[in-house]
Amino acid sequence: MEILNTLVAKGLRREIPTREEVLAILATTDDELLDVVAAAGQVRRRWFGHRVKLNYLVSLKSGLCPEDCSYCSQRLGSEAEILKYTWLRPEQAAEAAEAGVAGGAKRVCLVASGRGPTDTDINRVAETISAIRGVNGDVEICACLGLLTDHQAERLKAAGADAYNHNLNTSETTYGQITTTHTYADRVDTVEKVHAAGLSACSGLIAGLGETDEDLVDVVFALREVGSDSVPVNFLIPFEGTPLAQEWNLTPQRCLRILAMVRFVCPDIEVRIAGGREVHLRSLQPLGLHIANSIFLGDYLTSEGQAGQADLDMIKDAGFVVEDANESTLPRHRTAAASCGDSTDVAEHARDADAHGPYGTPQTHSRPEDAARTDLVKVRLRGAGTDRAPNA
């Protein structure tokens, strides 16, 4: 496929592809899939070698969120039977984080449900960061606490946080269809606050919400524009008891195409396979490692992942190695620039996005034989907030 040669060449030069080029990736057939994976793999190996970064989630506070994000099991009105608990004590969070670090995690992601933190919550998280640093001084710490107000990002930075996660999730045009209690602009504002404070911005998307190919491309280009250093690609986990419980629109092949599209748009940016990989990639997870350079180890916020040892075995069997704590995840040129691209890139691709017409008709990518696999959605009942050992 000539388009693949073009995309590989651009990726090796860190040149951003056009919208038409990456839309073509999402339109490829199953017969072309391995060629797509191999092409994206060339770009991945150029900038990240055979390293896989491991990240570990610690849910500091679970459930009872006042926001109405339709994809979330912790949303207002959710009937999903998930764990619900208030803030973990700093020593509890540090113990949970230690399990992930012992399993090989380089970054610990501290997540709390809710619209955003109060100043008291920031103090709690600062104490938690201190407790974790007291045991694992070199581990990267990323906070994910919702929408930030003025000066909160600076306080997290001063407390020792390295990064902040706040996903854009989907395109600006369709954002109002999945959430009404805050806006897409609110999310962009938080990412901008993160940058201004000198934190690394971690911002990604959720695929499988019923979006079009154009929506997916729009949000990935937007992630470049806001300067995300790390792009988590989540695949919707259709929890029973949430509005999107019936949205089983993804196949393993579709997920690989989405990952490849993200890699071509973000050739030298950390691309992380995040929530839902076990549910939707299933036995094709190892192929995802040839595209993405980062995964979560073990469980997620409210759902179970596969066993931590299974993750490590998968990485080894696929010919990859776990990234060491003393290795820089991002290529040297990106570490020095501390940005997701220069202003020329942003301007060029903003013009390119404006030049294209309205969205197409929403597309369904599931096949008739792909029934809803509710058996794969397992509510997390271990680890933080429970008396059971975590999965790491």
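The values are calculated or read from the model by the stated rules, or taken from the named source; none is laboratory data. Computed from a predicted model, the values in this text were never measured in an experiment. Here the Cβ positions follow ideal geometry from the backbone for every residue, glycine too, while neighbour counts run over all protein chains shown. The protein model used for the area step is the full one, side chains on, heavy atoms only, and it has no ligands, DNA or RNA in it. Shrake-Rupley method; radii C 1.70, N 1.55, O 1.52, S 1.80 Å.
For the chain, the carbon plus sulfur part of the accessible surface works out to 50%, probe radius 1.4 Å.
Taking the Cα atoms of segment 235-335, the ratio Rg/Rh between the radius of gyration and the Kirkwood radius comes to 0.98. The relative contact order of segment 132-260, computed from alpha carbon pairs under 8 Å that lie at least 6 residues apart in sequence, is 23 percent. Calculated on the Cα set of segment 1-106, radius of gyration then Dmax: 20.9, 55 Å. A simple spin-label model places pseudo-atoms 7 Å from Cα toward Cβ; at Glu154 and His333 they are separated by 3.4 nm.
A Förster radius of 56 Å, combined with the Cβ-Cβ distance separating Glu192 from Asp31, puts the computed FRET efficiency at roughly 0.85.
Heavy-atom accessible area, probed at 1.4 angstrom with all protein chains present, ranks Met314, Met261 as Met314, Met261, highest first. Lys/Arg Cβ at +1, Asp/Glu Cβ at -1, dipole of the chain taken about the Cα centre: which of Ala318, Gln285, Ser228 is farthest positive-ward? Farthest towards the positive pole: Ala318.
For the chain, pairs of C-alpha atoms spaced more than 34 angstrom apart make up 21 percent of the total. Note on Glu172/Gln42: beta-carbon distance plugged into 1/(1 + (r/R0)^6) with R0 of 35 Å gives a FRET efficiency of 0.65. Based on DSSP H segments of at least four residues, each scored -39500 (n - 2.57), the chain has a per-residue ellipticity at 222 nm of -11500 deg cm²/dmol.
Can you work out the FRET efficiency for the pair Gln92 and Asp138, with r the C-beta to C-beta distance and R0 = 25 Å, to the nearest 0.05? For Gln92 and Asp138, the calculated efficiency is 0.70. With each label modelled as a point 7 angstrom along the Cα→C-beta vector, the Ala325-Ala389 pair spans 2.2 nm.
Rolling a 1.4 Å probe over the heavy atoms of the protein chains gives segment 38-96 an accessible area of 42 Å² per residue. Between the C-alpha center of segment 252-318 and that of segment 152-211 there is a gap of 21 Å. Looking at the square roots a ≥ b ≥ c of the eigenvalues of the Cα gyration tensor of segment 33-177, which shape do they give, rounded for a/c under 1.5, prolate if a/b is larger than b/c, or oblate? Oblate. Against the compact-protein benchmark of 2.2 N^0.38 Å, the Cα-based radius of gyration of segment 78-160 scales to 1.11. For the chain, the number of Lys pairs separated by eight or more positions or lying on different chains, with C-alpha atoms closer than 18 Å, is 6. Take every DSSP beta bridge with both residues inside the chain and express the antiparallel ones as a percent of the total, to the nearest 5. If I count the DSSP bridges inside the chain, around 5 percent turn out antiparallel. Taken along the Cα-to-beta-carbon direction at a fixed 7 Å, the label points for Met1 and Gln309 span 3.8 nm.
The relative contact order of the chain comes to 23 percent, based on Cα pairs under 8 Å that sit 6 or more residues apart.
In segment 169-225, the inverse of the mean reciprocal separation of distinct Cα atoms equals 11.9 Å; this is its Kirkwood hydrodynamic radius. Anisotropy class assigned to segment 178-284 is oblate, per the alpha carbon gyration tensor with a/c at or over the 1.5 cut-off and a/b no larger than b/c. For segment 209-251, list log₁₀ I(q)/I(0) at each q in 0.13, 0.26, 0.33 Å⁻¹, using the Debye formula over Cα point scatterers of equal strength and ignoring solvent, two decimals each. Ignoring solvent entirely, the Cα scatterers give -0.38, -0.95, -1.14.
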